[in-house]
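Written out below as structure tokens is the structure these notes cover.
The values are calculated or read from the model by the stated rules, or taken from the named source; none is laboratory data. What you see is a predicted model; the values in this text were computed from it and never measured. Here Cβ is always computed from backbone atoms with ideal geometry, including for glycine, and neighbour counts include all displayed protein chains. The accessibility values were calculated without ligands, DNA or RNA, using every heavy atom of the protein model including side chains. Shrake-Rupley method; radii C 1.70, N 1.55, O 1.52, S 1.80 Å.
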Amino acid sequence: MNDPAFRRRDRTVLDVAPDTVVKQAARDFAGALADTDAYRAFEETERTLRSDAAAQSAIHAYRRRRASLASGLRSGAIGEEEQQELGRFQQSMVEQPSVRAFLEAQESLKELCQALGDRLSGEIGFDYASACGGGCCG
């Protein structure tokens, strides 16, 4: 395989295991990740957030206002007053306890995934996050 994404740092081509082995390893990894406290906390806070009517209302209000200002935000053409108003909508959303808990759990899970990605990269001698082009890995 000559694809540069599959080259190790020392420029040798990686030996790739058969698809069945790779898929089983991915399933095992996903199962182990799902057993972490960080993942369980993320799932629980997401369920709580989805069932919290006040939080959902605050989220929808913020999204509606942000959408109404979308073109101005992209072009930098919204005024100070509109920016402050959007900030108030955002603050109202983030002040909801279930939103705050979800965001904290999400950040913890993200940090865990980044640490695991770094560990995998070190173990295989391949910068996995860079090869993926970003995404959730940071």
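Numbers below:
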{"quantity": "Selection from the stretch 22-51 of residues that are over 17 Å from residue 106 (Cα atoms) and open to solvent by less than 50 Å² (accessible area, probe 1.4 Å)", "calculated": "31"}
{"quantity": "Qualifying positions in the stretch 57-98 - closer than 20 Å to residue 45 by Cα and small (Gly, Ala, Ser)", "calculated": "57, 58, 92, 98"}
{"quantity": "Pair list, Cβ < 7 Å and 6+ apart or interchain, from the stretch 26-49 residues that are on the phi < 0 side of the Ramachandran plot and assigned to a helix (DSSP H, G or I) to residues that are surrounded by 11 or more Cβ atoms within 10 Å (Cβ to Cβ) and of a type in the set (Phe, Trp, Tyr)", "calculated": "33/39; 45/102; 46/102; 49/102"}
{"quantity": "Residue check for residue 75: among the polar types (S, T, N, Q) and touching a helix residue (DSSP H, G or I) at 6+ places or on another chain (Cβ under 9 Å)", "calculated": "no"}
{"quantity": "Pairs, first of a type in the set (Gly, Ala, Ser) in the stretch 13-25, second at pLDDT 70 or above and in a helix (DSSP H, G or I), C-beta under 9 Å, six or more apart", "calculated": "17/25"}
{"quantity": "Contacts under 8 angstrom Cβ, first residue in the stretch 53-76 being surrounded by 12 or more Cβ atoms within 10 Å (Cβ to Cβ) and modelled with pLDDT of 95 or more, partner polar (S, T, N, Q) and part of a helix (DSSP H, G or I), 6 or more apart", "calculated": "55/98; 58/92; 61/92; 62/90; 62/92"}
{"quantity": "Count - residues of the stretch 77-127 that are assigned to a helix (DSSP H, G or I), surrounded by fewer than 17 Cβ atoms within 10 Å (Cβ to Cβ), within 21 Å of the chain's Cα centre (by Cα) and modelled with pLDDT under 95", "calculated": "6"}
